[in-house]
Amino acid sequence: MRTVDRAKYDFAIAYPDPASVPAVDLAECARLAILEEGSELAVYPHDHGYPPLREYVAYKMARDRGFTISADDVLLADGSSQPNHILIEALVDPGDVVLTEHFVYSGTLRTLARFQADVRGVPTDENGILPDALESAIVLAESHGRPPKVIYTIPTFQNPMGWTMSIERRKAIIDIALRHQIAIIEDDCYVDLRYEGKTIPSIRSLDDAGVVSYVGSFSKITGPGMRLGYVIPPAELTPRLRPIKSGGGVNQFAAWAIHRYAISHLDEHVKKINDIQRIKRDTMLAALGENLGSVAKWSHPEGGLYTWLEMPADADLTATQPEARTVDVGYQPGPMFAPDGRTGNNYARLCYGYNTPDEIREGIARLAEVFDRKGYLDA
């Protein structure tokens, strides 16, 4: 069994700010829900999840993400990982080619491995997947008689690299997917965490042909421990997803609490946490500049919870990870996010959401000392 062993300066996992978790308001929302609907605990929840919360998700998609659906199009699930798992199980057979960013969220890579997908990374830049590279990867797979089945992408505050895909790239991906008849999974679980810049329309909002399945989550804007997210698939895919999500609807306590919190507090709460996280992001970027500025590069995310650190090519951040833990600093090295599981030893994902600004400054200073002892900071 995995033991949770977090460093004091925990840049490894994308936890939100613990002090900002709205525990009191969530508790009050849950209390009101039990008083109003507690007798409903005598029956199993709706298979798609609590209908009023699904109605709220439909409202939120129309308001924030630019596409119109009904509550019946929404399937509630545990966070965003379970929706991705359900979609992958429905769409991917052993050996199927799946294309994603090179580098991408390690949890999705583990799920793809479970279902024996042939995962191939596509190069990116600060604007997202390179369309020409995506087209080339598709043509290569097709030439071997193995047309890709799915494109999986995290287009907004990408995990781990932090960039946001431009509107031009989103349109290009839709065009390519339609021409080659490939499904798209749009994992948009960080989209509410925007600290600067303009919101970009979802890929789903650009889809007139029904190729995009949209995944969202309440985890990053309330608390990961709530374990509540959703998937909005094309209509013909919904009947295939329902039996895969075994066990009936999501936890009714969580759904009740999130629904009441969403309609009464969520918008103001998002503004509050984004102000908090903006300071933390700026603190980490400044600390990287002060300690590693002469030798390293890193992304400047407009939101989300990560920055992507690039050290000189000869740096081995996988091998250095245990030494960093001896000074109580945690991070995730690049190969964890590589579809091939090997490349990217000189990269690391650094999460700034959990620690205080003072802790971020101290943790980055400690990490720089470790890098210095390894010779990575030599000019």
TODO: Before rounding to the nearest 500, sum -39500 (n - 2.57) across all DSSP H runs of length at least 4 in the chain and divide by the residue total; then give [θ] at 222 nm in deg cm²/dmol.
DONE: -12500 deg cm²/dmol
- [ ] Return His180, His259 ranked ascending by Cβ neighbour count within 10 Å, so the fewest neighbours appear first.
- [x] His180, His259
- [ ] Under 1.5 on a/c is rounded, so check that first for the range 194-234, then, if it is not, pick prolate when a/b is larger than b/c and oblate when it is not; a ≥ b ≥ c are the square roots of the alpha carbon gyration tensor eigenvalues.
- [x] oblate
Task: Correct option for Rg and Dmax of the Cα atoms in Å [calculated from the coordinates] among (1) 20.9, 68; (2) 21.7, 76; (3) 20.9, 64 - done: (1)
Task: Rounded D (µm²/s) - the range 1-150, Kirkwood Rh over Cα pairs, Stokes-Einstein at 20 °C, 1.002 mPa s - done: 110 µm²/s
Open item on the list: I want the antiparallel fraction of DSSP beta bridges within the chain, as a percent rounded to 5.
Closed with: 50 percent
TODO: Between Ser136 and Asp72, with labels modelled 7 Å along Cα→Cβ, what's the label distance in nm to one decimal, could you check?
DONE: 4.6 nm
- [ ] Output ³J(HN,Hα) for the range 177-186: one whole-Hz value per residue in order, computed from phi by the Karplus curve 6.51 cos²θ - 1.76 cosθ + 1.60 with θ = phi - 60°, and x for Gly and Pro.
- [x] 4, 5, 5, 9, 6, 10, 6, 10, 9, 9
TODO: Rounded, prolate or oblate: pick one for the range 55-97, where a ≥ b ≥ c are the square roots of the eigenvalues of its C-alpha gyration tensor, a/c under 1.5 means rounded, and failing that, prolate if a/b is larger than b/c, else oblate.
DONE: prolate
Open item on the list: Can you work out the Karplus-derived ³J(HN,Hα) for every residue in the range 358-374? Use 6.51 cos²θ - 1.76 cosθ + 1.60 with θ = phi - 60°, whole Hz, and x for glycine or proline.
Closed with: 4, 5, 4, 4, 5, x, 5, 4, 5, 4, 4, 5, 5, 4, 5, 5, 7
Open item on the list: Order these by the 10 Å Cβ neighbour count, fewest first: His300, His102, His144.
Closed with: His144, His300, His102
- [ ] Compute the distribution of all C-alpha to C-alpha distances in the range 125-264, in bins of 5 Å from 0, and list the percent of pairs in each, rounded to whole numbers.
- [x] 2, 9, 16, 19, 18, 16, 11, 6, 3, 1, 0
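Rule-based calculations on the coordinates, nothing more; no lab input. All figures in this text were calculated on a predicted structure; none of them were measured in a lab. Reconstructed Cβ throughout: ideal geometry from the backbone, glycine too, with neighbour counts over all protein chains shown.
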